[in-house]
Structures are given as C-alpha cells and as structure tokens.
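Everything below concerns the one structure shown next.
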Amino acid sequence: MSHEALIRLSVFFGMLAVMALWEVLAPRRKRTFSRKQRWPANLGIVALNTFLVRVLLPTTGLGLAAFAQARGWGLFNLRLASLWITVPLTILVMDFVIYLQHVLFHAVPLFWRFHRVHHTDPEFDFTTGNRFHPIEIFISMGIKFAVIAALGAPPAGVLVFEILLNACATFNHANAFLPLRVDRVLRWLVVTPDMHRVHHSIEKDETNSNFGFNLPWWDRLFGTYRAHPRKGHLDMTIGLETPRDPEQCLSLPRMLRFPFQPELSEVKVPTVKGETR
C-alpha cells in the first residue's frame, strides 16, 4: 500500500504504451480521424478530470476504505475476514455496481446527457476509454464511495479493483486486432475490444448492450450481451447520430458544454435491453 501511487502510475502509463503500440502494429479498423484531431481533447479531459478530483474531493476511494476500516464501518468489518475472501468479493461487487451504474447512465435521460460525451467520439481507440464528462466522474465517485463504505471494503481490494478497472477500460477500448479464436475464448473472462466496440455503435439497440468494463458475465446474465454489430466491426459506424460534426465532437470546450445544450441532447433514450446470441 505504501507504493500505491507508483503502482497506479506504472500500470496506467504501461497500459497506454502497450495499447498505443498494439494499435500501430495491428489495428482492428482503419482510422478515419488522425490522432492529432482526437487525442488533444480526449487526453485533455483526462487531465482535467484528474485535476478536479484531486482538488475538489476530500479523499480517494482508497482513503475512504482505510478510514472505514479504522472505524469498523461496513459489512466486511462486522466480522474479521481474510483478505483472500474480502478482496475478491470487493472486486466482484464493485464490478457489478459499475455495470449497473453504466446501465443507469443510459436509461435515465438526465444521466445520459453527461454520459453521451463518452459516446460522441467518432472513433474508437484506447483514449476513448477515459473520455468522460467531469460531472459524470463525480457522480461515479459518489456511487463508488457509497459502495466502499457499505461494504467496509479493504484498501487492498479497492486498489486492485481500481487498477483493474483502469487497465481493462484502456484495453477494451483499443483499436487492436485479436485473432477471432482468441477473442471468442477471452471474452468469457474479460471484456474484449470487439465485445465493447458494439457498445459504441451508432445503432441505438447496439449502444444499449455490452455494458461491462471488467467482467463480461453481467451482460450475459442480464440479457444485455450482443456478440457482434449487424454490419460487422469493419463497416459499423462509431458514435451517435447527433452530433457528427468533428469540430463539435473533437473539441474539449464543446464536449464540456454538450450536457447543457438541449438541441444536442438525445434525452429520449430507448429501453435498455440486449440480445443474447
């Protein structure tokens, strides 16, 4: 735990480097927009969110977990239990909550206004995985804090979960080619790029599928799993119907204004349902 910051940064930048190299050496789809067009806004909003979280929040998820543990808060602290039990349970429960949260952000029009910033990216690569509106980040942090406090999640479990979540989000948003046989096996264990790319389809029923970030089981269990887009991964269209203008989709100031512009907000969100196949 004393090396928490070093571990986080090493995994974060290590995953960025690996995915960037993978996308260059073995891309899944042909690039429509250049990196110079997309990366400044996508990476800029990551830097902005990181700064705001550090400045405005009194603690982190890890800090709250340590605080709750010291005061005996939460389910896991009612009885002393081995970390071999509480750490896996923490990862499992928090991943399920992230899945439910993701469904909620699609199903509730007010939340969709903020989450749609993630979906307005007209391309799909590893930088898309961290493209979220700051208000969505704070709502997500509030939900995560509530779960940590209710569980009495051990700091080690929270740290492992957050590292996995960040690493998996970078991996499953990558424009990286996986052999189809490998993908078919791997998507039973973790969300793969081909599995999650369906979620970024312009087709609304496909957008409302494959909500998982780490574990793929929730989509299969609750019927929101879709194996492939109708048009195939090479011919599908990424993004939303509105907006499609690159000057709007790829501008950081405009991304921050999206939720407050009714004419750009698709507040009528289709019922969240999937197709298992």
Tell me which of Val198, Gly72, Leu240 sits at the most positive position along the dipole axis of the chain, charges placed on C-beta atoms (Lys, Arg +1; Asp, Glu -1). Val198
Could you list Lys144, Lys231 in order of exposure, starting from the residue whose Cβ has the fewest other Cβ atoms within 10 Å? Lys231, Lys144
Towards the positive end of the charge dipole of segment 4-264, with charges on Cβ (+1 Lys, Arg; -1 Asp, Glu), say which of Asn49, Trp218, Ala26 has the farthest Cα. Ala26
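Listing Glu241, Glu4, Glu136 from the residue with the fewest other Cβ atoms within 10 Å to the one with the most, what is the order?
Glu241, Glu4, Glu136
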With Cα atoms, 0 to 90° folded angle of helix 61-71 axis to the chain main axis: 20 degrees
Classify segment 4-264 from the C-alpha gyration tensor, please: rounded if a/c falls under 1.5, else prolate or oblate depending on whether a/b exceeds b/c. prolate
Spelling out what I want: for every residue of segment 121-135, take phi, set θ = phi - 60°, compute 6.51 cos²θ - 1.76 cosθ + 1.60 (Karplus), and round to whole Hz; glycine and proline get x. 5, x, 10, 9, 8, 4, 6, 5, x, 10, 8, 9, 5, x, 5
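Pull out a ≥ b ≥ c, the square roots of the eigenvalues of the alpha-carbon gyration tensor of segment 1-124, then state rounded if a/c is under 1.5, prolate if not and a/b is larger than b/c, and oblate in the remaining case.
prolate
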In order through segment 188-204: 3J(HN,Hα) via Karplus (6.51 cos²θ - 1.76 cosθ + 1.60), integer Hz, x for Gly, Pro: 7, 10, 8, 6, 9, x, 5, 5, 7, 4, 4, 5, 9, 6, 6, 6, 5
Could you tell me the largest-minus-smallest coordinate of the C-alpha atoms of segment 71-215 on each of the three principal axes, in descending order and whole angstroms? 47, 39, 23
Spatial separation of Cα centroids for segment 183-249 and segment 37-99, in angstrom: 25 Å
Relative to the longest principal axis of the chain, what angle (0 to 90°, nearest 10) does the C-alpha long axis of helix 4-25 take? 20 degrees
Longest principal axis of the chain (C-alpha) makes with the long axis of helix 35-56 (C-alpha) an angle, in degrees to the nearest 10, of 30 degrees
Segment 5-75: trypsin sites (Lys or Arg not before Pro) in DSSP coil with no more than 16 other Cβ atoms inside 10 Å: Lys30, Arg31
Report the charge-dipole magnitude of segment 4-264 in Debye, nearest 20, computed about the Cα centre from +1 at each Lys and Arg Cβ and -1 at each Asp and Glu Cβ. 180 debye
Non-local residues with an amide H under 5 Å from the amide H of Ala176, with H modelled 1.01 Å from N and Pro and chain starts lacking one, are Arg28
Sparse-neighbourhood loop sites, chymotrypsin sites (Phe, Trp or Tyr not before Pro) in segment 157-228 - DSSP loop, at most 11 other Cβ within 10 angstrom: Trp188
Given the pairs Lys144/Lys231; Lys36/Lys204; Lys36/Lys144, which are separated by over 31 angstrom at their Cα positions? Lys144/Lys231; Lys36/Lys144
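No value in this document is a laboratory result; all are computed from the given coordinates. Please read these numbers as outputs of a predicted model, since none were measured by experiment. Every residue, glycine as well, gets a Cβ built from its backbone with ideal geometry; the counts of neighbours run over all protein chains shown.
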